[in-house]
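All remarks here apply to the structure that follows.
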Amino acid sequence: MARHLLLPVVMLVISPIPGAFQDSALSPTQEEPEDLDCGRSEPSARIVGGSDAQPGTWPWQVSLHHGGGHICGGSLIAPSWVLSAAHCFMTNGTLEPAAEWSVLLGVHSQDGPLDGAHTRAVAAIVVPVNYSQVELGADLALLHLASPASLGPAVRPVCLPRASHRFVHGTACWATGWGDVQEADPLPLPWVLQEVELRLLGKATCQCLYSQPGPFNLTLQILPGMLCAGYPEGRRDTCQGDSGGPLVCEEGGRWFQAGITSFGFGCGRRNRPGVFTAVATYEAWIREQVMGSEPGPAFPTQPQKPQSDPQEPRENCTIALPECGKAPRPGAWPWEAQVMVPGSRPCHGALVSESWVLAPASCFLHPSSSDSPPRDLDAWRVLLPSRPRAERVARLVHHDNASWDDASDLALLQLRTPVNLSAAPRPVCLPHPEHYFLPGSRCRLARWGRGEPALGPGALLEAELLGGWWCHCLYGRQGAAVPLPGDPPHALCPAYQEEEENDSHWSLLCQEEGTWFLAGIRDFPSGCLRPRAFFPVQTHGPWISHVTQGAYLEDQLTWDWGPDGEETETQTCPTHTQHGACGLRPEAAPVGVLWPWLAEVHVAGDRVCTGILLAPGWVLAATHCVLRPGSTTVPYIEVYLGRAGASPLPQGHQVSRLVISIRLPRHLGLRPPLALLELSSRVEPSPSALPICLHPAGIPPGASCWVLGWKEPQDRVPVAAAVSILTPRICHCLYQGILPPGTLCVLYAEGQENRCEMTSAPPLLCQTTEGSWVLVGMAVQGSRELFAAIGPEEAWISQTVGEAHFLPSSGSPHWPTGGSNLCPPELAKASGSPRAVHFLLLLTLLIQS
Ligand code: 4AZ
């Protein structure tokens with residue numbers, strides 16, 4: 001589909017035609033002599049879904065060449081006149097020079113010797129003054145040939161309808177052209193003229209179809225002077241390159257041109273019929289332009305006027321529903337195909353049309369010679385649901401990149417006999433390249449490739465699609481722009497509610513309005529801290545439709561996004577994702593949790609502690625909060641994630657886990673301040689639950705730090721209080737002798753110290769200069785300023801939690817080394833008065849820096 005630009009109004013008559021003005025449209029005489037025999041073709045006798053025309057069937061069809069190739073169609077209406085579409089000749093609102101165009105007449109195949117064909121130069125191109133863009137109508141043009149065409153059996157004019165001519169809706173008419181056979185799929189050699197039978201649709205029916213919202217919320221107003229032809233279910237249509245060509249209907253043994261191919265949304269799409277310029281509407285304009293030409297176009301009287309005005313019965317608004325992607329229930333997939341190749345395990349694929357099965361090419365590539373798969377297709381069989389016998393295979397087509405690019409690990413198998421589609425088998429829907437699966441879409445996994453023979457529980461795993469930011473940025477595309485809705489995504493990431501099986505290959509099915517799409521294939525082997533990602537199938541839509549000529553590419557069915565939505569703002573990945581998916585906090589996430597690593601640790605139903613997610617199965621908390629002093633039994637503890645500031649999130653993003661064990665480091669004497677809580681099952685990373693980073697040196701150099709707690713223990717709305725971490729020396733001086741080793745002291749920024757309550761033992765976090773968030777300490781019981789440092793426990797944490805994410809140690813240490821070990825006397829003196837401590841500390845810090 002070509003995107004048509006908004007073009008300014010144009011009026012360009014390059015060579016005025018002399019002669020008397022005769023406004024026949026206003027006073028058409030029924031007996032008007034016909035100056036030309038029109039609309040007759042040889043008695044014996046793409047367009048999308050069409051077929052090769054017989055030579056001589058459509059003798060008025062011409063091909064308009066520009067820059068050495070076919071651009072548009074046209075129709076011969078008089079020896080010196082060709083009718084076509086205005087948009088063929090306009091670039092940025094300007095009419096292209098007539099001299100650059102030539103008209104090919106009497107041509108059938110545009111490849112090889114053009115027997116019987118001849119060419120004419122164009123002397124002038126005329127476009128209505130009120131033409132600006134196709135969607136606004138008046139998309140017609142007249143080409144005045146430099147010399148008359150030589151008429152013969154292969155070159156004859158078509159008849160034009162008078163303004164009063166009524167084409168009855170439902171009439172089967174024909175469109176012809178050398179245009180694309182599908183969207184972005186040119187007519188193959190030998191470029192034989194294609195014909196397709198299209199039914200005229202009443203204006204109300206067409207408006208009803210085009211009022212169904214589509215991708216980009218597109219709807220269209222059908223204006224006077226437009227006419228639609230096609231089918232609600234699509235599949236047969238005109239396409240790019242057919243523009244300007246004729247839509248003709250036979251009446252009384254003559255062919256009348258009812259329409260000029262103008263535009264449409266895509267080609268052959270459901271509820272998107274082709275839109276044509278209604279020629280009858282422009283009788284007066286055409287007569288005016290050709291005035292004085294001898295012989296001029298013929299406007300024969302309509303042979304039999306329809307009895308009554310052919311208005312549609314009020315209102316026929318039956319839209320077509322998708323023919324693909326309906327399943328009785330998740331898991332009972334009517335498109336599930338098993339390809340049986342002798343000597344190997346069954347390979348799971350999906351039925352995508354009556355005749356084609358899509359499956360991973362790796363199932364059929366010979367491991368030793370990847371480019372020459374076994375070709376003994378005779379012995380291959382395909383099992384489809386509800387089919388009594390296995391299907392035989394006629395052809396195997398590999399994706400060109402199948403053997404080296406995992407994202408293109410695809411092959412298409414053609415069945416020898418097409419299957420009758422019913423409830424089962426039924427094809428799955430495929431997405432167009434511009435399809436945008438909304439974040440939060442409900443998805444399922446389906447077997448793909450050499451899966452295990454029995455239906456594993458994974459096949460019913462429910463997942464929710466993550467937004468583009470997460471999926472794109474967690475895969476380390478630092479600094480790259482996140483693909484906008486409508487742009488092809490690099491990956492699709494579903495977030496699972498439960499654990500999945502790790503070792504299987506799956507395809508990703510996503511649902512829109514009850515219809516299932518094959519959205520992704522074959523997950524990447526995911527790093528443990530990253531959500532699973534699937535290669536999007538949508539980028540392969542053009543290849544699949546090119547090979548199958550009829551796979552079920554279906555438009556987007558849900559659209560709660562649009563050009564004005566937040567989702568369309570360009571977002572960029574932060575640079576720090578290079579360290580993996582820890583410590584991320586999206587600054588401009590449209591929905592999401594501000595603190596995705598913050599957990600609520602509900603202890604024995606009577607108190608809530610703060611916890612921090614370190615890895616998919618581990619949360620760190622302060623021991624004194626989760627274990628009562630003196631108690632040795634493990635209380636009943638539940639951990640909630642994805643709740644911090646989570647109000648706009650769908651329910652599915654809030655997860656809870658039981659704590660199955662509490663691990664404490666070995667400490668002599670005192671009870672260790674930090675506790676690791678092992679969760680009953682992993683929490684797969686998602687925007688609302690992501691692990692934090694750790695730093696081997698404890699505090700990353702140059703970081704800015706915060707105490708992250710709740711304002712009130714009841715409502716648990718997270719608040720962050722800005723702090724500075726004091727140097728060990730100052731800390732030591734302030735709390736002389738009373739601090740356990742590894743304790744950090746903080747100084748709150750002005751007015752921040754009472755921001756959060758402390759009974760829940762909040763964490764101390766720092767954000768590195770690159771943007772990653774690092775856990776530095778957990779509050780010590782009874783103190784606002786003292787925190788148990790994480791740094792000294794690095795070895796214990798990494799031994800207990802294999803996946804804890806330590807940032808690479810870089811740069812200088814957080815504190816300058818050296819200097820005096822003596823305490824500044826002012827500090828010691830100040831201990832009683834907090835205001836004086838602050839003042840003196842600030843002074844000391846300034847002197848140090
Ligand atoms: C085009 O771009 C075009 N399906 C022509 C016809 C249609 C769509 C696009 C109708 O010239």
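Report, by chain and number, residues whose modeled amide H sits under 5 Å from the one on residue 301, excluding near sequence neighbours (fewer than 5 apart, same chain).
It is none; the list stays empty.
Taking other Cβ within 10 Å of each residue's Cβ, how do 597, 380, 255 sort, fewest first?
With the fewest neighbours first, 597, 380, 255 line up as 380, 255, 597.
If you find the alpha carbon centre of the range 746-772 and of the range 390-437, how far apart are they in angstrom?
Computed from Cα coordinates, the inter-centre distance equals 55 Å.
Using the number of other C-beta atoms within 10 angstrom as an exposure proxy, rank 126, 639, 192 with the fewest first.
Sorted ascending by nearby Cβ count, the order is 192, 639, 126.
Let a ≥ b ≥ c be the square roots of the eigenvalues of the Cα gyration tensor of the range 664-807; is it rounded (a/c under 1.5), or, if not, prolate (a/b larger than b/c) or oblate?
In terms of gyration-tensor shape, rounded.
Under the Karplus relation 6.51 cos²θ - 1.76 cosθ + 1.60, θ = phi - 60°, what is the ordered set of whole-Hz ³J(HN,Hα) values for the range 714-722, x standing for Gly and Pro?
6, 7, 6, 8, x, 10, 10, 10, 6
Rounded to the nearest 20 debye, what is the charge dipole size of the range 116-194 about its Cα centre when +1 sits on each Lys and Arg Cβ and -1 on each Asp and Glu Cβ?
540 debye
What does the charge add up to near residue 431, with Lys and Arg as +1, Asp and Glu as -1, over the other residues with Cβ less than 12 Å from its Cβ?
My count for the surroundings of residue 431 gives -4.
Can you tell me how the range 144-285 classifies by the Cα gyration tensor, rounded, prolate or oblate, using a/c under 1.5 as the rounded cut?
Note, shape of the range 144-285 comes out oblate.
Going by how many other Cβ atoms sit within 10 Å of their own, how do 203, 711 line up, fewest first?
Exposure proxy ranking, most exposed first: 711, 203.
What list of ³J(HN,Hα) values in whole Hz, one per residue of the range 121-131 in order, does the Karplus curve 6.51 cos²θ - 1.76 cosθ + 1.60 (θ = phi - 60°) give from phi, with Gly and Pro shown as x?
Once θ is set to phi - 60°, the couplings for the range 121-131 become 6, 9, 8, 7, 10, 10, 10, x, 4, 8, 7 Hz.
Between 173, 193, 161, whose Cα lies farthest towards the positive end of the dipole of the range 149-209 when Lys and Arg beta carbons carry +1 and Asp and Glu beta carbons carry -1, centred on the Cα centre?
Result: 161, furthest along the dipole toward the positive end.
Rounded to whole Hz and in sequence order, give me ³J(HN,Hα) for the range 788-795 from the Karplus expression 6.51 cos²θ - 1.76 cosθ + 1.60, θ = phi - 60°, writing x for Gly and Pro.
Rounded to whole hertz, the list is 6, 6, 7, x, x, 9, 3, 5.
Which residues' amide hydrogens lie under 5 Å from the amide hydrogen of residue 771, considering only partners 5 or more residues apart or on another chain, with H built in the peptide plane?
Here nothing satisfies the definition.
If amide H atoms are built 1.01 Å from N in the plane of the peptide, which residues on other chains or at least 5 residues away come under 5 Å of the amide H of residue 599?
Answer set, sorted by chain and number: 611, 612, 613.
None of the figures in this text is laboratory data; all of them are computed from the coordinates on show. This structure is a prediction, so every number in the text was calculated from the model and none was measured. Glycine also receives a Cβ, built like all others from the backbone with ideal geometry; neighbour counts cover every protein chain displayed.
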